[in-house]
Amino acid sequence: MIRSGILNPEILSLLARVRHTNTLVIADRGFPSWPAIQTIDISLVDDIPTVLDVVRAIRLMCNCGHAYMAQEFKKHNTRAVQKEFADALSGIPCKFEPHAAVFKKRVPHAIGLIRTGDTTQYANIILESA
């Protein structure tokens, strides 16, 4: 029996399939459905869990080489929220790109998507394995 770390068997299975340069999407509650990729919905209520809860748990288990977020995140969130995300991604280069034109085009190539209950606007993160 697992005693610490990520306990969700679906997430563990998904993470076990992520290899070098594969990507994984961690999405807020409003992110659209992508039927072509495995989606694990762990949303419970508003902001439980958050994107950062999931990112922090994954970082304890996985090596991330890059992160991608929408440029719109910076326009719609306070500096305090931006700092919290930057701190959670510390040490991982993060590229901000246009949400519809570039970011969403990366999604179908991901190994999977974890949907959270996060209400932070444009909180979606694509993590690329190192």
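The values are calculated or read from the model by the stated rules, or taken from the named source; none is laboratory data. Quick caveat, the model's predicted, so the values are computed rather than measured. Quick reminder, even Gly has a Cβ in these numbers, built from the backbone with ideal geometry, and neighbours come from all protein chains shown.
Worth a mention:
- Among all positions in region 41-59, there is no residue which is in contact (Cβ under 8 Å) with a residue 40 or more places away in the chain, over 27 Å from ARG3 (Cβ atoms), of a type outside the set (Asp, Glu) and out of contact with any strand residue (DSSP E or B) (no Cβ under 9 Å at 6 or more places or on another chain).
- Number of residues in region 1-28 that are of a type outside the set (A, V, I, L, M, F, W, C), surrounded by 19 or more Cβ atoms within 10 Å (Cβ to Cβ) and part of a loop (DSSP other than H, G, I, E, B) equals 1.
- Residue-level analysis places ALA130 among those that are farther than 19 Å from ASN8 by Cβ, modelled with pLDDT under 95, of a type outside the set (D, E, K, R) and exposed (fewer than 13 other Cβ atoms within 10 Å of the Cβ).
- In region 105-115 there is at least one residue that is small (Gly, Ala, Ser), within 17 Å of LEU12 (Cα to Cα) and either surrounded by 12 or more Cβ atoms within 10 Å (Cβ to Cβ) or in contact with a Leu (Cβ under 6 Å, 6 or more places away or on another chain) (or both).
- Every pair of residues 6+ apart whose Cβ atoms lie under 9 Å, when the first sits in region 5-28 and is farther than 10 Å from SER129 by Cβ while the second is assigned to a loop (DSSP other than H, G, I, E, B) and among the acidic types (Asp, Glu): ILE26/ASP118; ALA27/ASP118; ASP28/ASP118
- When residues of region 58-79 are limited to those that are out of contact with any Gly (no Cβ under 7 Å at 6 or more places or on another chain) and closer than 14 Å to ILE11 by Cα, the one modelled with the lowest pLDDT: CYS62
- Any pair with Cβ under 7 angstrom, 6 or more apart, that starts in region 62-90 at a residue that is within 23 Å of HIS20 (Cα to Cα) and ends at one that is hydroxyl-bearing (Ser, Thr, Tyr) and in a strand (DSSP E or B): CYS62/SER129; ASN63/SER129; CYS64/SER129; GLY65/SER129
- In the set ALA36, ALA86, ALA70, ALA80, only one residue is of a type in the set (Gly, Ala, Ser), in contact with a His (Cβ under 6 Å, 6 or more places away or on another chain) and more than 20 Å from LEU7 (Cβ to Cβ); that residue is ALA70.
- Qualifying residue in region 41-61 (condition: of a type in the set (S, T, N, Q) and loosely packed, with under 15 Cβ neighbours inside 10 Å): no
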